[in-house]
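Presented below is the structure to which this report refers.
The values are calculated or read from the model by the stated rules, or taken from the named source; none is laboratory data. Computed from a prediction, not measured in an experiment: that's the story for all the values here. For neighbour counting, all protein chains shown are included, and Cβ atoms are generated from backbone atoms with ideal geometry for every residue, glycine included. Note: areas computed on protein heavy atoms with side chains; ligands, DNA, RNA excluded. Shrake-Rupley method; radii C 1.70, N 1.55, O 1.52, S 1.80 Å.
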Amino acid sequence: MEKRSLAYEGKAKKLYETDDESVFLVEYLDQATALNGAKKDAVKGKGQMNNQITSQIFEKLTVKGIQSHFIEKISKNEQLVKRVEMIPLEIVVRNVAAGSFSKRLDITEGTDLPFPITEFYYKEDRLDDPFINDDHVAFLQVATKEEVQKIKELALQVNHLLQELFLSIDIRLIDFKIEVGRTEDGTILLADEISPDTCRLWDVNTNDHLDKDVYRRDLGDLIPVYEEVLQRLEEKGA
Ligand code: TMP
């Protein structure tokens, strides 16, 4: 597969065209960002770590029947994905109160939620990715009501499978964010990445943060924490 021109540059990834117009090459960068890019640092080794973790997770989800854009990892920091029309939403699923949920509703971090809570954020840097509801999604013509239903079902299915996967390596899945895309025939596919950048992961025994909160909250070095997650996934991730 030949890497061609840069198609898109995100905060921690670059997307390249390839000689197959239905395939993008994703390069994971050694870049950490938080607060919508307001906090930004070069972190050596992070690109490789996220590419390896997200590839492992997408492979495991594929085996469990989740349709995604992921094709294959082709180098330490690169992977091939199917080209889809990205839906400009961040879909968050929460199992335990944390982060912006705890702040907005004044619920102590670590409080178990009685059922998984799904949230939508409109991906629009200019507006700082606002929290929106199903009607807003339809009004903005970001997705149809039927697609919203499908996206929610997919998010909850992914939640169930990720909870199972992480529990098998002694990690509690507190919350996570996914993004989805649409193929030409209208199928909704899981897209983007799933990694400690996009999940809150707490060690079952110590409640230690094994995710980007280490960086967001200045709790220590990010790389050893991501290495720990990767090592557990490689050794015994179900
Ligand atoms: P939040 O508590 O800050 O809303 O984050 C919820 C989850 O979504 C958490 O696991 C981190 C993830 N997330 C992203 O991946 N990207 C983002 O831009 C935001 C705001 C959150």
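Worth a mention:
- When GLN157, GLN163 are screened for being in a helix (DSSP H, G or I), touching a residue at least 60 places away in the same chain (Cβ under 8 Å) and within 21 Å of LYS212 (Cβ to Cβ), only GLN163 passes.
- Residues that are free of Cβ contacts under 8 Å to residues at least 12 places away in the same chain, of a type in the set (Ser, Thr, Tyr) and either open to solvent by 10 Å² or more (accessible area, probe 1.4 Å) or in a helix (DSSP H, G or I) (or both) are absent from the range 167-189.
- Only residues that are hydrophobic (A, V, I, L, M, F, W, C), surrounded by fewer than 19 Cβ atoms within 10 Å (Cβ to Cβ) and without any contact (Cβ under 8 Å) to a residue 40 or more places away in the chain were counted across the range 81-110, and they come to 2.
- Screening SER55, SER5 for residues that are buried (at least 17 other Cβ atoms within 10 Å of the Cβ), hydroxyl-bearing (Ser, Thr, Tyr) and over 21 Å from LEU219 (Cα atoms) leaves exactly one candidate, SER55.
- Residues that are open to solvent by 20 Å² or more (accessible area, probe 1.4 Å), in contact (Cβ under 8 Å) with a residue 40 or more places away in the chain and among the aliphatic types (A, V, I, L, M), drawn from the range 192-238: ILE223, ALA238
- Selected residue [over 19 Å from ALA34 (Cα atoms) and either at pLDDT 95 or above or within 12 Å of the ligand (Cβ to nearest atom) (or both)] from LEU167, LEU210: LEU167
- Apart from one condition, LYS40 fits all of (1) away from the ligand (no atom under 14 Å from the Cβ); (2) out of contact with any Leu (no Cβ under 6 Å at 6 or more places or on another chain); the exception is (1).
- If you go through the range 111-141 and keep only what is more than 16 Å from the ligand (Cβ to nearest atom), in contact with a helix residue (DSSP H, G or I) (Cβ under 8 Å, 6 or more places away or on another chain) and either part of a loop (DSSP other than H, G, I, E, B) or touching a residue at least 40 places away in the same chain (Cβ under 8 Å) (or both), you end up with just VAL137.
- For the range 74-102, filtered to residues that are of a type in the set (Ser, Thr, Tyr) and either within 16 Å of the ligand (Cβ to nearest atom) or not in a strand (DSSP E or B) (or both), the residue that is farthest from LYS123 (Cα to Cα) is SER102.
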